[in-house]
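These notes concern the structure reproduced below.
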Amino acid sequence: MAERKSREQAKGKMKKTERAKLAKGKAKKAEKVKPTREKAKKAKPTEGVELYRGRVALKIVPPIDFAQLDGLKKALFEVKNLRVVVVAGAAGEGIQILVSAEEPLPLLNILRGVPVVAGVARKGGEIQVSLKAR
């Protein structure tokens, strides 16, 4: 019976050392993973960028070229998680496009990337967009 107790104690000690080794291994692995996570956070393209969610008014300022306006609308339809709700206005006064972002989107950056857009500015609750002249 004494032998049995000593064997069980030996097993218990082995388990403790195995647990200690496992814990050290996990700690080292966590140290290796942490810097890569930090790099991934730094690499986010939306960091420091204003994100828009929900309905946003895009005011297209005159002069308006309708071919360029059509190009802008097509580009907006292609943006994932963005819906064009309505397009309204008059050529001499400016046109307003109401869009709805289902998820937070960097709308200013998206608009700047559209080839027909000359400039983008945030004015109050709307975004002013000027189109390139052909």
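Remark: the residue 132-residue 93 segment gains 12.3 nm on full extension, using 0.36 nm per residue and subtracting the alpha carbon distance.
Counting Lys and Arg as +1 and Asp and Glu as -1 over every other residue whose Cβ lies under 11 Å from the Cβ of residue 100, the net charge comes to +1. Multiplying the residue separation of residue 51 and residue 66 by 0.36 nm and subtracting their alpha-carbon distance yields 2.6 nm. Summing Lys and Arg as +1 and Asp and Glu as -1 over all other residues whose Cβ lies under 11 Å from the Cβ of residue 121 gives a net charge of +3.
Between residue 86 and residue 18, the contour length at 0.36 nm per residue exceeds the alpha carbon distance by 18.0 nm.
What is the sum of charges, Lys and Arg at +1 and Asp and Glu at -1, for the other residues whose Cβ falls under 15 Å from the Cβ of residue 89?
Residues close to residue 89 contribute a combined charge of -2.
Among the chymotrypsin sites (Phe, Trp or Tyr not before Pro) within the range 49-134, not one is in coil by DSSP while having at most 10 neighbouring Cβ atoms inside 10 Å.
Counting only DSSP beta bridges whose two residues both lie in the range 75-126, roughly 100 percent are antiparallel.
We did not get these values from a lab; they are worked out from the coordinates using the rules stated. For clarity, every value in this text was computed on a predicted model and none was experimentally measured. With ideal geometry, Cβ positions are generated from the backbone for all residues, glycine too; neighbour counts draw on all protein chains shown.
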